[in-house]
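Undergrad: My structure is below; once you've seen it, I'll send some questions.
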Amino acid sequence: MTLEVAKALLRCTHIIVLNVTCLIMEERKILIVEDEKKIADTLKMGLSENGYYVEVAYDGTIGYRLFTAHSFNVIVLDINLPGMNGFELCKKIRLQDTDVPIIMLTSMSDLSDKIEGYDAGADDYIVKPFEFKELLLKIRVLLKRTLNQNIPVGNILKADDLEMNLDSKEVKRGDTIINLTAKEFQLLEYLLRNKNRVVSRADIAINVWDIDFDTNTNVIDVYINYVRNKVDKKFPNKLIQTYVGMGYILKED
Ligand code: CA
């Protein structure tokens, strides 16, 4: 291999790695609107360390501008803000986007404020001072809710001839019963809920294992193999596919 070819290859690998990082980040974009710089910057640092891509606005108007210019997966809003307060901002966001999860962040703990927050369209509320872990947990729960979009019909999730009954916990392909362990069931449920959509290892780690993705562990790949052996191996059409460098997809023909 000539030096030029080697250099070109290295450049390509770099681009692929960057693209994969963007893909993972895509579903983890958070907007923080908070005028107390110290709090905002601490949150940004903590969330970035947990694999989220974070944009910060120190004022309501700028927050709104950022919201209209980019797409976010979660929005964290303070209430007392210069420019536009959190309630107004929340209402304006809801006029354009009814789905994006919004968490209100405030030092006011009165019930009436909470009601006003929910009325404005907030999904959750957190009262200052709060533990960073609490916010992280709320963000994860809300992300889980929005990412799991394949709604079961009569509590049955389907893809081609694969059926999962969420009540009886029975899994079948055609007439063949498939016995899964609890963890395998959860993993397959997550893939089914996100069918026809590539899910990254980071998505799986958070949603199935409730942990942050650790590149040193291959537990996800190991479990994908267990599930594949039971769900796909004996059948001609393979439902679970690997997207190299991106993750997995449960694909329906
Ligand atoms: Ca404030």
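Undergrad: Could you tell me how many of the residues in region 103-142 are in contact (Cβ under 8 Å) with a residue 24 or more places away in the chain, within 16 Å of the ligand (Cβ to nearest atom), touching a strand residue (DSSP E or B) at 6+ places or on another chain (Cβ under 7 Å) and among the aliphatic types (A, V, I, L, M)?
TA: Selection size over region 103-142: 5.
Undergrad: While we're on this one: Looking at region 164-188, which of its residues are modelled with pLDDT of 95 or more and of a type in the set (Asp, Glu)?
TA: Result: Glu170, Glu184.
Undergrad: Take Leu18 and tell me if it is in contact with a Ser or Thr (Cβ under 8 Å, 6 or more places away or on another chain), more than 16 Å from the ligand (Cβ to nearest atom) and modelled with pLDDT under 95. It would help to see each step written out before you state the result.
TA: Working: in contact with a Ser or Thr (Cβ under 8 Å, 6 or more places away or on another chain): no; more than 16 Å from the ligand (Cβ to nearest atom): yes; modelled with pLDDT under 95: yes.
Taking the combined requirement at face value, the residue does not satisfy it.
Undergrad: So, one more: Those residues that are more than 14 Å from the ligand (Cβ to nearest atom) and among the small types (Gly, Ala, Ser), I need them from region 27-69; list them, please.
TA: Gly46, Ser48, Gly51, Ala69
Undergrad: Would you point out the residue of region 71-96, among those that are more than 12 Å from Ala57 (Cα to Cα) and among the charged types (D, E, K, R), that is nearest to the ligand (Cβ to nearest atom)?
TA: Glu88
Undergrad: Show the residue pairs that are 6+ apart or on different chains and have beta-carbon atoms under 8 Å apart, the first residue being within region 63-92 and farther than 24 Å from Val141 by Cβ, the second being of a type in the set (Lys, Arg).
TA: Partner pairs satisfying both residue conditions: Tyr64/Lys92; Met84/Lys92.
Undergrad: Given the residues Lys91, Lys114, which is the only one that is farther than 29 Å from Ala205 by Cβ, of a type in the set (D, E, K, R) and crowded, with 16+ Cβ neighbours inside 10 Å? So that I can check it myself, show each step before the final result.
TA: Values: Lys91 fails: crowded, with 16+ Cβ neighbours inside 10 Å.
Exactly one residue qualifies, and that residue is Lys114.
The values are calculated or read from the model by the stated rules, or taken from the named source; none is laboratory data. Values in this document were obtained by computation on a predicted structure and should not be read as measured data. Glycine gets a Cβ as well: all are built from the backbone with ideal geometry, and neighbour counts include every protein chain shown.
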